[in-house]
Every structure is written in C-alpha cells, then in structure tokens.
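Take a look at the structure below.
We did not get these values from a lab; they are worked out from the coordinates using the rules stated. This structure is a prediction, so every number in the text was calculated from the model and none was measured. Cβ placement follows ideal geometry from the backbone for every residue including glycine, while neighbour counts extend to all protein chains displayed.
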Amino acid sequence: MQSTIETPVQGIIAEFDNPSQLLHAAEKLRDNGFKNFDCHSPFPIHGMDQAMGLKRSPLGWIVGIMGLSGAAGGMLLQWWTSAVDYKLVISGKPLFSFQAFVPVSFGLGVLLGAITAFFGMLILNKLPQPFHPVFWSDRFDKVSTDGFFVSIEANDPQFDREQTKIFLTDIGGKNVEELKET
C-alpha cells in the first residue's frame with residue numbers, strides 16, 4: 001500500500017538564459033513584493049544587490065569598530081601595565097611612551113578585525129548551511145558553469161504555488177519546477 005501523503009513544497013526554482021534576464025527577473029520579483037528569493041549565477045552580476053532590493057552589509061562597520069576596539073584595548077593594556085601597575089623608569093623615558101606601544105596596538109586591531117570579519121561573515125550569511133532545497137533540483141547543477149536561476153522559498157509572504165509558477169514563466173523563466181523532497 002502506497003502512502004498518499006504529498007511532500008510539502010519548499011519553494012520554486014526557474015532557469016533563465018543569461019545574466020541580463022536574471023537581473024530583470026530579480027527586479028520584477030522585488031517590485032511584486034517577493035522577499036524570500038535568491039538569484040544563483042556562476043559569477044557575480046553587477047547591480048544584482050540593487051535589483052534584489054538588498055541593503056548594504058553592516059559587516060564593514062562591525063569590523064571597523066571591533067578593529068578600533070582591539071587597538072584601543074592594546075593601548076590601554078600597555079598603558080596600565082607600564083604607567084599604573086608596574087611603574088619602572090628606564091633610561092629616563094616617560095612611563096607612558098605611546099610610540100613604543102603602536103606596533104602591539106596595531107597588531108591587536110588587525111587581529112580582532114580579522115576574527116570579527118570571519119565570524120561576522122559566517123553569521124550574517126547564515127552559514128554553514130549544509131543543505132538547501134535547491135539541491136533537490138537536478139538542473140541546479142548547471143549553476144556552477146552556465147546556469148542562471150531564481151529560487152523562491154515557500155515561506156515568502158507572496159508565495160502561491162500556482163501563481164508563482166505562472167509569474168516566473170511570464171517573466172521569462174524556463175524549466176520552472178517545484179522544490180520538494182524526492
């Protein structure tokens with residue numbers, strides 16, 4: 001006896017012929033209120049972030065603030081150890097000789113900035129993500145060589161199984177298929 005339970009649809013994927021069509025499809029999806037969609041291409045496409053309506057990443061500001069915090073922390077630590085905690089006058093130099101502290105402060109700033117960039121990128125990109133429903137599509141293998149795809153997730157507020165397929169076909173999508181576990 002076979003089960004009649006249908007596997008829920010996780011999303012819909014459509015293929016486009018070239019980067020220009022993919023860019024225009026992203027603009028049309030954005031203009032029609034779709035939020036949870038992604039564009040897949042074998043190379044970066046100039047203007048895709050604007051076409052998808054994506055905001056600028058806050059990662060640069062986060063890295064800058066953490067890098068400056070690392071440099072300030074390094075300077076503060078060296079000031080505390082040499083001018084407050086362990087006062088030792090050597091060759092008549094002042095207790096706080098900041099010129100000698102610059103290399104360590106710079107190094108700590110770069111180190112903290114690099115660590116923040118690495119983990120911040122992982123967190124903001126929601127990585128690692130070992131699996132995504134687009135991997136159920138056999139045609140999606142082309143994305144690494146010459147395929148241009150749009151995928152719309154089923155949790156998008158505008159998602160309607162039939163209407164979304166019709167819309168993707170109307171904007172030039174080919175090989176429109178539902179993403180569900182096989």
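What the table below lists for this structure:
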{"quantity": "Dimensionless Rg ratio for region 59-124, taking C-alpha atoms and the 2.2 N^0.38 Å reference", "calculated": "1.37"}
{"quantity": "Chain lengthening between A72 and S91 when straightened (0.36 nm per residue, less Cα-Cα)", "calculated": "4.2 nm"}
{"quantity": "With Cα atoms, 0 to 90° folded angle of helix 19-31 axis to the chain main axis", "calculated": "90"}
{"quantity": "All Cα pairs of region 8-167, percent lying beyond 18 Å", "calculated": "71"}
{"quantity": "Angle between the chain longest axis and helix 98-124 axis [Cα atoms, degrees, rounded to 10]", "calculated": "20"}
{"quantity": "For region 41-86, fraction of C-alpha pairs farther apart than 16 Å, in %", "calculated": "63"}
{"quantity": "Per-peptide average of other Cβ atoms within 10 Å, ordering 86-93, 14-21, 146-153 highest first", "calculated": "146-153, 14-21, 86-93"}
{"quantity": "Cα gyration tensor shape for region 143-182, rounded if a/c is under 1.5, else prolate or oblate", "calculated": "oblate"}
{"quantity": "Three principal axis lengths of region 115-181 [C-alpha, angstrom, descending]", "calculated": "45, 31, 24"}
{"quantity": "Volume per residue of the C-alpha convex hull in region 20-102, rounded to whole Å³", "calculated": "148"}
{"quantity": "Among F98, F167, F140: highest mean-square fluctuation, GNM of the chain, C-alpha pairs under 10 Å", "calculated": "F98"}
{"quantity": "In degrees, nearest ten, helix 59-79 long axis to first principal axis of the chain (Cα)", "calculated": "20"}
